[in-house]
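So the structure is just underneath, and the comments pick up after that.
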Amino acid sequence: MTNLAALRLVDFRSYAALDWAIEARVTVLVGPNGAGKTNLLEAISLLAPGRGLRGAKFADLARRAPEAGGGFALGGVLYAQDRPNDRIELTSSVGGAERERRKFFMDGQAVSGAEAASLFSAVWLTPQMDRLFTEGASARRRFLDRLTLALEPGHAREVAAFEAAAVNRSRLLEQGRFDPVWCGILEDSMARHAVAMTASRLDLIARLNAVMAPHAEVAAFPPARLDLACEIGAMLAAHPAVEVEDRLRARLASTRGPGSAPLSPQRADLLIADWHGAAASLASTGEQRAMLVAIILFHAELVRDWRGAPPILLLDEPFVHLDHARQSALRDHVLAGRMQVFCTATETGIWQNTASVWSVGAGALTPRA
């Protein structure tokens, strides 16, 4: 399942209630800044596990109004391109005491986040992603994990399991006197999940580089070359995974003292360069944006080929920092493809007479003729 036939919202961001039937493959949401366009893209992105295209806390997603209950619900009616009449409803909600945990349901039956990820996949491009080239490693690592999750739904479990074990180990060590057996159990879990999540990251990078390689001389959106700065990744390149796990267990056991910093996959950094090896951080703003567009578009193709169905593409003000030629090239790529696409814009502009256009404002949608 990939395509979206309907989106339903209750108390989400600026929307008290919305029941939106979607028929077009390419939809453009038009309205002034603050109208709620990006809120709709965010809602669509949240049909998959994770914190969506803004990375917001779930408590911040609920509509702020006296009559709102403090939680929210969203749902999508999904179908596969080759089976348009075979539809399922995937819903997600947050409410009650657990405001930072989401629940997923498929046709009313509870499902895990991994099952939801296997049903729905989305990739996105936002103006904030331009900061990848100047922000710290944590932002690039989150970006890499989103790319990896779209290809491998189980990646989120590995990351969550590693972080849970690491937090528990830190708490144990802070007590000063601890059970070394229990500490060893946590370190075993950390080692196993660290290797698994690093291997998934490396696999994504290798596959994406391979997809981009034949297009190294494409003028409109020249591809980037990705790499992972990670000691665990370097170990995996030289040794079998089982041996790396053993080495990590030993390293963790040797860093139980105060002030010791254990080896962690959460210190890795995604390196982005142009195809000739120059760091992306040295490129102009326009070239950085073009490089980012290439990563997103080629990643979408990779997801389509690997999962057998294209992801939904979410484009939030995609033409920022692009000249007219590249704006036209991106529009033409979207129109010629098979992916379902949702795009925001402050005016119809370059999309005139090419897509389904909706006006957004006051918590409602209105189709434009």
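The values are calculated or read from the model by the stated rules, or taken from the named source; none is laboratory data. Quick caveat, the model's predicted, so the values are computed rather than measured. Heads up, the Cβs are rebuilt from the backbone with ideal geometry, glycines too, and the neighbour counts pull from every protein chain shown.
Structural remarks
- In the stretch 248-267, residue nearest to the chain's Cα centre (by Cα) [restricted to those that are at pLDDT 90 or above and either on the phi > 0 side of the Ramachandran plot or buried (at least 20 other Cβ atoms within 10 Å of the Cβ) (or both)]: P265
- Against the test of being outside any helix (DSSP H, G or I), over 20 Å from the mean Cα position of the chain (by Cα), of a type outside the set (S, T, Y) and over 30 Å from T354 (Cα atoms), the options A17, A24, A68, A56 yield a single qualifying residue, A68.
- Residues in the stretch 151-184 that are touching a helix residue (DSSP H, G or I) at 6+ places or on another chain (Cβ under 9 Å) and aliphatic (A, V, I, L, M): L151, A156, V159, A160, A161, A164, A165, A166, L172, L173.
Table: residues versus (1) basic (K, R); (2) more than 14 Å from the chain's Cα centre (by Cα); (3) at pLDDT 90 or above.
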| site | (1), (2), (3) |
| --- | --- |
| F72 | no, yes, yes |
| G76 | no, yes, yes |
| E100 | no, yes, no |
| R142 | yes, no, yes |
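- In this structure, G337 does not satisfy being closer than 30 Å to G233 by Cβ and touching a strand residue (DSSP E or B) at 6+ places or on another chain (Cβ under 9 Å).
- In the stretch 213-247, the qualifying residues are those that are surrounded by 14 or more Cβ atoms within 10 Å (Cβ to Cβ) and in contact with a strand residue (DSSP E or B) (Cβ under 7 Å, 6 or more places away or on another chain), and the one that is modelled with the lowest pLDDT is P222.
- Scanning the stretch 320-361 for residues that are in contact with a Gly (Cβ under 8 Å, 6 or more places away or on another chain) and part of a loop (DSSP other than H, G, I, E, B) returns H321, L322, D323, T346.
- Filter pass, A43 being in contact (Cβ under 8 Å) with a residue 24 or more places away in the chain, of a type in the set (A, V, I, L, M) and more than 24 Å from T346 (Cβ to Cβ): no
- Qualifying residue in the stretch 218-230 (condition: assigned to a helix (DSSP H, G or I) and of a type outside the set (D, E, K, R)): no
- Taken as a whole, the stretch 94-114 holds at least one residue that is among the hydrophobic types (A, V, I, L, M, F, W, C), part of a strand (DSSP E or B), without any contact (Cβ under 8 Å) to a residue 12 or more places away in the chain and more than 28 Å from I296 (Cβ to Cβ).
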